[in-house]
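Take a look at the structure set out below.
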Amino acid sequence: MGKLIILLGDLNCDMLKPTPGLASLIKTTKELNLNQLIKSPTRITESSQTLVDVIFVSSPRLVVNSGVIETCISDHFPVMDNVDEKLTIFNEIFLNTLDKHAPVKTIKVRGKSCPFITPEIKASMIKRDQLHSLFRKTRDHYDWLNFREARNFTKTALVNAQKEYVLKEVQQHRNNTGSLWKVIKENIAYRERESVAYSKEPKLVAEEFNHFFSTIGVNAAKKASTLIQDPSVYPARNLSDVNRTDNSYPEENDRFSFPPVSCSEIRNIILAMPSNKSPGKDKVSMRVIKHSLPVILGPLTDIINCSLSSPSFPIAWKEAEVIPLLKDGNHEEASNNRPLSLLTFLSKICEKVALNQFGSYLMKNKKIVNPPEREQETSLMRNIESFDRRYYPKGHGWEIGYCTDSNRSI
């Protein structure tokens, strides 16, 4: 046939125990030139272990990695491909294709457009320049007066024309906030950002800044863990006040899990994201992703589902391009800067899927109480801790954080 064949699922046929059914299955798969990838038991009970969940493929060389996830959620262990390997293959193909057919080019950016300049104003500008050239040749007083009069007339005409144009655009887009701000930005004075110079080698500066920025979260977590145990700081956060035990998990039908996401959901999330944001480390803009959607939607959905079904978030999606923004003081001191992290858009898509699903679960099951109630933060903390300890072992899984203030919980 010349096409890739993938057959997977629970076939109710133990691949570890010789039976007539197994012999028939092996014969059929050999005739179709299919290879079985899963070798370890996928269902283990107190008295038995079987391999009934299988993956048959016609081209094993196209599968980088596969295996079994050991979990206590079910007596059937899920089988999977490694999400990081999947993403690596996707990035290589996608980025190489972009480099070949849509390479990054350096272009000269023109100055901002001036649509308010009319043919009459252009003629006045030409006359002004001609009079100025004449004065430079003759140095005559009357030629200077004629040039000055033409210059002032042209300047007044430009200012009045720009005022009328801006007022017209503001009135036209007054109900569209995005278009209104675009008009404002196009017509305000722009000052180019001064280039920052460092006395040290750029590599040393980058290493110093990266070390400082990467330890901010760790240090903040240590301080928070100390404060949260102190009832005098915030009594509502004293966990001993929360009547719970380590086994106080939700009921079976009330537990949260990430369901598979469909291609249409991924498409809707991508199309709803703005196209004018800065890209991350891979330099792939959201506009490129939207244009490539018909081709990459299927593989991208598969990678996201693989991440949701396994306690793993791709390592490449955790990497960001960090830009230091000076707050105050000496710009060479890392503590005087705040980091602006530019993540890849693909990671933001996956995070949006997780946010939508977890947010819907909390709202549907009334896990977030109304803001006026004092127990809102404690309730949210209990649900997050219960979810994190229940579904993912220590050192694995998704990193879930929360922030609270006096008006809302997130």
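Per-structure values
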{"quantity": "Subset of segment 1-24 (residues that are in contact with a Leu (Cβ under 8 Å, 6 or more places away or on another chain) and not aliphatic (A, V, I, L, M))", "calculated": "Cys13, Asp14"}
{"quantity": "Residue list for segment 273-320, restricted to those being closer than 19 Å to Val63 by Cα and in a loop (DSSP other than H, G, I, E, B)", "calculated": "Ser310, Ser312, Pro314"}
{"quantity": "Helices (runs of 4 or more DSSP H) enclosed by segment 118-237 - at least 1 residues per element that are more than 30 Å from Glu319 (Cα to Cα), in contact (Cβ under 8 Å) with a residue 40 or more places away in the chain and open to solvent by less than 60 Å² (accessible area, probe 1.4 Å)", "calculated": "119-138, 141-172"}
{"quantity": "Count of segment 8-30 residues which are at pLDDT 85 or above and not in a loop (DSSP other than H, G, I, E, B)", "calculated": "11"}
{"quantity": "Filter pass, Asn276 being among the polar types (S, T, N, Q), at pLDDT 90 or above, loosely packed, with under 13 Cβ neighbours inside 10 Å and under 16 Å from the mean Cα position of the chain (by Cα)", "calculated": "no"}
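The values are calculated or read from the model by the stated rules, or taken from the named source; none is laboratory data. Since we're looking at a predicted model, the values are computed, not measured. Please note: Cβ atoms are built from the backbone with ideal geometry, for glycine as well, and neighbour counts cover all protein chains shown. Each accessible area value is taken on the protein alone, full model and side chains, heavy atoms only, with ligands, DNA and RNA left out. Shrake-Rupley method; radii C 1.70, N 1.55, O 1.52, S 1.80 Å.
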